[in-house]
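**Q** This is the structure I want to talk about, given as C-alpha cells.
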Amino acid sequence: QHDVSFLQEMLKLIEGDKVDVVIGSRFVEKEGFQSSTIRRVGINFLSILGWTLTGVRVKDITSGYRVVNAKFIHIFATDYPADYPEPEAMVITAVHGGKIQEYPVVMKEREFGTSSITLKKSFYYMCKVSLAMIIRRISFGVRRQK
C-alpha cells in the first residue's frame, strides 16, 4: 500500500530538525486509494479527537506510513502503543512537543490479505482507540503536574 517513491522526500523533511514526525497522507491531495466511506468517517472522527486533545490537526491520523527523527525513535522505543498505534502515537508526539507534518502520498489499494478491522470490529476499534488517545493525553497532563 505504501509507495516507497515518496520516502526520500519524507526523509528530507526531518533532516533539518524542523519536523519530528512526517506522516504520509493520502488525504492532502486526495489522489490514489482513499479508503471506504465508512472508514473515512472513522478516520475523520479520530482526527478531530486528536486535534481536540492536542491542538494538532492530522488528516490521515491512521496512516502507518511515517518517518520519525532520532528523538522520537528514542521516545517510541520506550513507549509505543501495541494495538492500533497510529492515532495514539500522534498524541504521544504532540504531548512531547513534536512537530508533525503530513506529506502527500498516493496509497495503493490492498492487493492481498484482509484488514484486521472488519465492519464487526470497527465499533470496538473506535472505542478502544478513542479511549487510548484520551487516557494518553490525560496521563501526560497528570505526569507534568507532579
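The values are calculated or read from the model by the stated rules, or taken from the named source; none is laboratory data. For clarity, every value in this text was computed on a predicted model and none was experimentally measured. Every residue, glycine among them, receives a Cβ derived from its backbone with ideal geometry; neighbour counts consider all protein chains shown. When the accessible area is computed, the model is the full protein with side chains, heavy atoms only, and any ligands, DNA or RNA have been set aside. Shrake-Rupley method; radii C 1.70, N 1.55, O 1.52, S 1.80 Å.
For every residue, the table says whether it meets (1) at pLDDT below 75; (2) within 22 Å of Val19 (Cα to Cα); (3) of a type in the set (Asp, Glu); (4) touching a Lys or Arg at 6+ places or on another chain (Cβ under 6 Å).
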| site | (1), (2), (3), (4) |
| --- | --- |
| Gly98 | no, yes, no, no |
| Gln101 | no, yes, no, no |
| Arg110 | yes, no, no, no |
| Leu119 | yes, no, no, no |
| Cys127 | no, no, no, no |
| Ala132 | no, no, no, no |
| Ser139 | no, no, no, no |
| Arg144 | yes, no, no, no |
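**Q** Pairs under 7 Å by beta carbon, first residue closer than 15 Å to His96 by Cα in region 56-80, partner in a strand (DSSP E or B) and open to solvent by less than 20 Å² (accessible area, probe 1.4 Å), six or more apart or different chains?
**A** As it stands, the answer is Val68/Val21; Phe72/Val21, since those pairs meet every condition given.
**Q** Let me ask another. In region 13-32, is there at least one residue being open to solvent by less than 20 Å² (accessible area, probe 1.4 Å), closer than 18 Å to Ser122 by Cα and either in a loop (DSSP other than H, G, I, E, B) or without any contact (Cβ under 8 Å) to a residue 60 or more places away in the chain (or both)?
**A** no
Residues are listed down the side, and each one gets a yes or a no for (1) modelled with pLDDT of 95 or more; (2) under 22 Å from Leu131 (Cβ atoms); (3) in contact with a Gly (Cβ under 9 Å, 6 or more places away or on another chain):
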{"residue": "Val21", "(1), (2), (3)": "yes, no, yes"}
{"residue": "Phe27", "(1), (2), (3)": "no, no, no"}
{"residue": "Glu31", "(1), (2), (3)": "no, no, no"}
{"residue": "Ile38", "(1), (2), (3)": "no, yes, no"}
{"residue": "Leu49", "(1), (2), (3)": "yes, yes, no"}
{"residue": "Thr62", "(1), (2), (3)": "no, yes, yes"}
{"residue": "Tyr65", "(1), (2), (3)": "no, no, yes"}
{"residue": "Asn69", "(1), (2), (3)": "yes, no, yes"}
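**Q** So is Ile92 modelled with pLDDT of 90 or more, part of a loop (DSSP other than H, G, I, E, B), open to solvent by less than 30 Å² (accessible area, probe 1.4 Å) and of a type outside the set (S, T, N, Q) or not?
**A** Judged against the criteria, Ile92 is not a match.
**Q** Also, I was wondering about something else. Within region 55-89, take every residue that is touching a helix residue (DSSP H, G or I) at 6+ places or on another chain (Cβ under 9 Å) and among the basic types (Lys, Arg) and give me the one that is least open to solvent (accessible area, probe 1.4 Å).
**A** That would be Arg66.
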